[in-house]
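The values are calculated or read from the model by the stated rules, or taken from the named source; none is laboratory data. Please read these numbers as outputs of a predicted model, since none were measured by experiment. With ideal geometry, Cβ positions are generated from the backbone for all residues, glycine too; neighbour counts draw on all protein chains shown. The accessibility values were calculated without ligands, DNA or RNA, using every heavy atom of the protein model including side chains. Shrake-Rupley method; radii C 1.70, N 1.55, O 1.52, S 1.80 Å.
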Amino acid sequence: MQLNWSTSAISIQHCNNMESLVSSSWFGSAPPPLPPYNGIFSGLIEFYCGGCESMKKLFPLVLLPNLVNLERIEVMDCEKMEEIIGTTDEESSTSNSITKFNLPKLRSLTLDCLPELKSICRAKLICNSLEKIIVIYCEKLKRMPICLPLLENGQPSPPPSLKKIQTDPKEWWERVVEWEHPNAKDVLRPFVEFL
């Protein structure tokens with residue numbers, strides 16, 4: 001498979017021997033030397049990955065600063081997927097690792113039938129353009145790393161663009177998943193549709 005780094009959309013389907021889209025070993029333990037807007041995947045707007053049986057993680061954490069134009073992520077039917085934006089042992093042990101990052105254009109996040117998914121990203125994500133979040137049958141996912149905007153009183157507020165959150169099973173939403181702010185689920189409840 002060949003990738004065009006300036007492409008605006010990537011779709012990967014049924015690549016059963018692929019474990020990750022980009023190996024973080026390409027970069028070593030340091031982030032790419034390119035500025036974020038000119039780096040690998042900086043022009044990426046839509047990303048779809050489906051039916052990749054061996055895929056364990058999509059992007060290494062060092063690429064997160066390059067995903068500023070990303071508007072849509074869909075990951076479906078990847079049996080071994082553990083992390084969407086993953087870290088290596090080197091990244092986990094460095095003290096200057098990314099702790100918070102802004103995905104300013106992300107409008108849609110769909111995670112469907114990922115039975116081994118444990119993490120979207122270890123960094124906190126600011127996604128104030130989110131319109132739709134769909135999480136279906138990702139029952140090992142315990143944390144949503146998305147930071148909600150805060151009101152003056154310090155309480156979370158849904159992103160102004162948010163229209164809906166679809167999830168299944170209901171028990172996952174109510175008992176398993178946690179958000180960055182302890183009151184986030186209460187604030188988001190009006191947007192939740194159980195499938």
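Share of carbon and sulfur in the accessible area of the stretch 60-195 stands at 48%, probe radius 1.4 Å. A dipole drawn for the stretch 54-195 from +1 and -1 charges on Cβ atoms has a positive end, and of Leu188, Thr110, Pro60 the residue lying farthest that way is Leu188. Structure note, pairs Lys105/Lys170; Lys57/Lys170; Lys80/Lys164; Lys80/Lys100; Lys57/Lys185; Lys56/Lys140: Cα-Cα distances above 24 angstrom occur for Lys105/Lys170; Lys57/Lys170; Lys80/Lys164; Lys80/Lys100; Lys57/Lys185. Using bins of 10 Å that start at zero, the share of Cα-Cα pairs per bin across the stretch 71-195 amounts to 12, 45, 35, 8, 0, in whole %. Cross-link partners for Lys163 among the aspartates and glutamates, with Cα-Cα distance under 12 Å and sequence neighbours closer than 8 places in the same chain left out: Glu131, Glu193. Solvent-accessible area of Arg107, all protein chains in place: 100 Å² (probe radius 1.4 Å, heavy atoms, ligands and nucleic acids excluded). Residues in the stretch 90-195 average 52 Å² of solvent-accessible surface per residue, probe 1.4 Å, ligands and nucleic acids excluded.
In the stretch 118-195, what % of DSSP beta bridges are antiparallel (nearest 5)? Don't skip to the answer; put the middle values down first.
Details: 1 of 13 bridges.
Bridges in the stretch 118-195 that DSSP calls antiparallel: roughly 10 percent.
For Asp186 and Tyr48, a Förster radius of 45 Å and the Cβ-Cβ distance give a FRET efficiency of 0.90, rounded to the nearest 0.05.
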